[in-house]
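Here the structure comes first, spelled out in structure tokens, and everything after it is commentary.
The values are calculated or read from the model by the stated rules, or taken from the named source; none is laboratory data. Owing to the predicted nature of the structure, the values given are computational and were not obtained by experimental measurement. Reconstructed Cβ throughout: ideal geometry from the backbone, glycine too, with neighbour counts over all protein chains shown.
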Amino acid sequence: LFAGETDFLKGVVAMDGMPPADRLEVCFAGRSNVGKSSLINALTGRKALARTSNTPGRTQEINFFTLADDHYLVDVPGYGFANAPLPVVEKWQRLLKAYLSGRPSLRRVFLLIDSRHGPKTADEEIMQLLSKSAVTFQIVMTKVDKLKKGELDKVLEKTKSVIKKYPASYPELVLTSSEKGEGIPTLRHIIATLV
Ligand code: GTP
Ligand code: MG
């Protein structure tokens, strides 16, 4: 699947701008700066397909990428702190929630959590929303290159105990580093085997 072509299709700012829900779709959600756009670049092997930045609030639209002819990869704005005016941020957040809870073709949400920080209240709000909407989510731990094994184990235990509370959670976590490539083949495989 990932050997095929990937392209940017469009950035969407309102639900009525969404492309037709006619193919398998996965999205990458998470707090601002967690590494959503970087992960899409790592998965597709295209360094600058999705725009990344050290400033939280870089991605401000729901960006659709075509993967082969029959999948969408979707990059969304982060939640939590963003370097943008509040009314603007509130607008994205409303759009994000509408998208996560009301997109019929959304097959799985990859919910990204920074390995250094573990799940926060804002993550749990999203887990709750997804559970209410019966949209399966799977946790992807990001930036594992930034910490030591012992530190990681603690965060993983904590994360597993948190997701257990949410019926839409998929039990298996994926550990990734977009920088070093760790976990990227695993995540590609997971996406390629979704039906
Ligand atoms: P927003 O669009 O602002 O919500 O952010 P985002 O979640 O899309 O994060 P983005 O991919 O823009 O990355 C944020 C910062 O984290 C950038 O400076 C990236 O280079 C860095 N980063 C992302 N993934 C990794 C990783 O695996 N390891 C390390 N060390 N840094 C990473
Ligand atoms: Mg981004």
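So which residues in the stretch 39-55 are near ligand 1 (Cβ under 8 Å from one of its atoms) and more than 19 Å from Ala192 (Cα to Cα), if there are any at all?
Ala50, Arg51, Thr52, Ser53, Asn54, Thr55
Mind telling me which of the residues Asp75, Asp69 ends up being at pLDDT below 95 and under 20 Å from Leu187 (Cα atoms)?
Values: Asp75 fails: at pLDDT below 95.
Every option except Asp69 fails the conditions.
I'd like the full set of residues that are more than 9 Å from ligand 2 (Cβ to nearest atom), within 13 Å of Ala29 (Cα to Cα) and part of a loop (DSSP other than H, G, I, E, B), limited to the stretch 51-66.
Within the stretch 51-66, just Glu61 meets the criteria.
If a residue has to be of a type in the set (A, V, I, L, M), under 17 Å from the mean Cα position of the chain (by Cα) and either in a helix (DSSP H, G or I) or closer than 13 Å to Tyr72 by Cβ (or both) to count, how many in the stretch 1-48 make the cut?
Qualifying residue count, the stretch 1-48: 7.
Could you check how many residues of the stretch 94-134 are touching a Cys at 6+ places or on another chain (Cβ under 7 Å) and either part of a helix (DSSP H, G or I) or over 15 Å from Pro171 (Cα atoms) (or both)?
Within the stretch 94-134, residues that are touching a Cys at 6+ places or on another chain (Cβ under 7 Å) and either part of a helix (DSSP H, G or I) or over 15 Å from Pro171 (Cα atoms) (or both) number 1.
Being more than 8 Å from ligand 1 (Cβ to nearest atom) and closer than 30 Å to Glu151 by Cβ is the requirement here; does Arg58 meet it? Break it down stepwise before answering.
On the way: more than 8 Å from ligand 1 (Cβ to nearest atom): no; closer than 30 Å to Glu151 by Cβ: yes.
No, not satisfied.
Return yes when Lys47 is out of contact with any Gly (no Cβ under 8 Å at 6 or more places or on another chain), under 21 Å from Ile184 (Cβ atoms) and at pLDDT below 95 and no when it is not. Talk me through it step by step, then tell me what you get.
Values: out of contact with any Gly (no Cβ under 8 Å at 6 or more places or on another chain): yes; under 21 Å from Ile184 (Cβ atoms): yes; at pLDDT below 95: yes.
Spelling it out, Lys47 is indeed out of contact with any Gly (no Cβ under 8 Å at 6 or more places or on another chain), under 21 Å from Ile184 (Cβ atoms) and at pLDDT below 95.
Only one of (1) away from ligand 2 (no atom under 14 Å from the Cβ); (2) buried (at least 20 other Cβ atoms within 10 Å of the Cβ) fails for Ala21. Which number is that?
Every condition holds for Ala21 apart from (2).
Just to be sure I understand, how many residues within the stretch 97-124 are touching a strand residue (DSSP E or B) at 6+ places or on another chain (Cβ under 8 Å) and more than 26 Å from Glu179 (Cα to Cα)?
Of all residues in the stretch 97-124, those touching a strand residue (DSSP E or B) at 6+ places or on another chain (Cβ under 8 Å) come to 99-100, 103, 105-115, 119-120, 122-123.
Still in the list and also more than 26 Å from Glu179 (Cα to Cα): 99-100, 103, 105-107.
Within the stretch 97-124, residues that are touching a strand residue (DSSP E or B) at 6+ places or on another chain (Cβ under 8 Å) and more than 26 Å from Glu179 (Cα to Cα) number 6.
Might you check whether a residue that is out of contact with any Ser or Thr (no Cβ under 9 Å at 6 or more places or on another chain), surrounded by 18 or more Cβ atoms within 10 Å (Cβ to Cβ), in contact (Cβ under 8 Å) with a residue 40 or more places away in the chain and closer than 30 Å to Gly17 by Cβ occurs anywhere in the stretch 108-120?
For the stretch 108-120, residues out of contact with any Ser or Thr (no Cβ under 9 Å at 6 or more places or on another chain), surrounded by 18 or more Cβ atoms within 10 Å (Cβ to Cβ), in contact (Cβ under 8 Å) with a residue 40 or more places away in the chain and closer than 30 Å to Gly17 by Cβ: present.
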